[in-house]
Amino acid sequence: MTYHGAVKVGGPPDVRELAHLMITKVALGPFENNCYLLRCRATDEQLLIDAAAEAPVLLETVGPQLATVVTTHQHHDHWQALAEVVAATGARTAAGRIDAPGIPVPTDQLLDDGDTLRVGQVELTVRHLVGHTPGAIVLVYDDPQGHPHVFTGDCLFPGGVGNTEHDPARFASLLGDVKTKIFDVLPDETWVYPGHGGDTTLGAERPHLEEWAERGW
């Protein structure tokens, strides 16, 4: 089956098979959060992006090989299941340095812009984007045998950047970071995996950047 990324709470996950990485997307909880399980195909080591909700479902999905849980930002809907998942698996935790104090589970690895995060033999690059929260991060996987993949949390969605609560300075910061750290350095084929809802590509969103700037959200 071809990956589509259109998952619903209570429905089955969607799985994408890359040459070196398996990506499993599942929607969970009352805010319909997307959680992403990344598995290195060479080592079976796993990394979970956002233990958002419904710990029993996540634990059934991850199995015994979970090494790391990354929390993309401090908002409560992205870490409701974190404590239970970590307690059950012994996984280490990682989050952006600035947002980590707002996450009520101790962070083992503080992440800064440009850091490298590994899952088995696969490398992910951390990008720090300011605006939705002060310390939100996104993870970029530059597939050596395909196009890049970027897990954007709540910083970038189909149709716009994340919520900045009508604060012009926060919006300008987030849009600026999205442009310089994502759109300016990654190709149109880059697949975007957001924290809620359906997926998109940079190519689908790039023509609308000026429109987003003019509307201010």
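Here are some notes:
- Based on C-alpha pairs under 8 angstrom that are at least 6 apart in sequence, the chain has a relative contact order of 14 percent.
- Antiparallel bridge percentage (DSSP; both residues within the chain; nearest 5): 70 percent
- In order along segment 200-212, the Karplus-derived 3J(HN,Hα) couplings, from 6.51 cos²θ - 1.76 cosθ + 1.60 at θ = phi - 60°, round to 7, 10, 5, x, 6, 9, 3, x, 9, 4, 5, 4, 4 Hz, and Gly and Pro are given as x.
- Cα-only radius of gyration and Dmax that characterise the chain, units Å: 16.0, 48
- Each Lys and Arg adds +1 at its Cβ and each Asp and Glu adds -1 at its Cβ; summed about the Cα centre, segment 80-217 shows a dipole of about 260 debye.
- Note: segment 1-55, Cα convex hull, 76 Å³ per residue.
- Extension gain for the segment THR2 to GLN65, taken as residue separation times 0.36 nm less the Cα-Cα distance, is 20.1 nm to one decimal.
- For segment 64-102 versus segment 16-49, the spacing of their alpha-carbon centroids is 14 Å.
- When only Cα pairs below 8 angstrom with a gap of at least 6 residues are kept, segment 49-155 shows a relative contact order of 21 percent.
- For LEU111, nonlocal amide neighbours, meaning residues 5 or more places apart or on other chains whose placed amide H falls under 5 Å from its own, are ALA95, GLY96, ARG97.
- Near the amide H of LEU21, within less than 5 Å, lie the amide hydrogens of ARG41, all on another chain or at least 5 residues away, with H placed in the peptide plane.
- Residue of GLY195, GLY131, GLY176 that the Gaussian network model of the chain assigns the largest fluctuation, springs spanning Cα pairs under 10 Å: GLY176
- Between HIS208 and HIS76, the contour length at 0.36 nm per residue exceeds the alpha carbon distance by 44.6 nm.
- Unit charges at the beta carbon, dipole of segment 1-78: most positive-side option, GLN65, THR24, HIS75: THR24
- Isotropic mean projected area of the C-alpha convex hull, segment 127-217 (nm²): 5.2 nm²
- Taken along its principal axes, the alpha carbon cloud of segment 1-104 reaches lengths of 40, 30, 24 Å, longest axis first.
- Efficiency of FRET between ALA88 and VAL185 - r from beta-carbon atoms, R0 35 angstrom, step 0.05: 0.40
A short reminder: the numbers here are calculations on the coordinates, not readings from a lab. Treat the numbers as computed from the prediction; the structure is a model and nothing was measured. Glycine also receives a Cβ, built like all others from the backbone with ideal geometry; neighbour counts cover every protein chain displayed.
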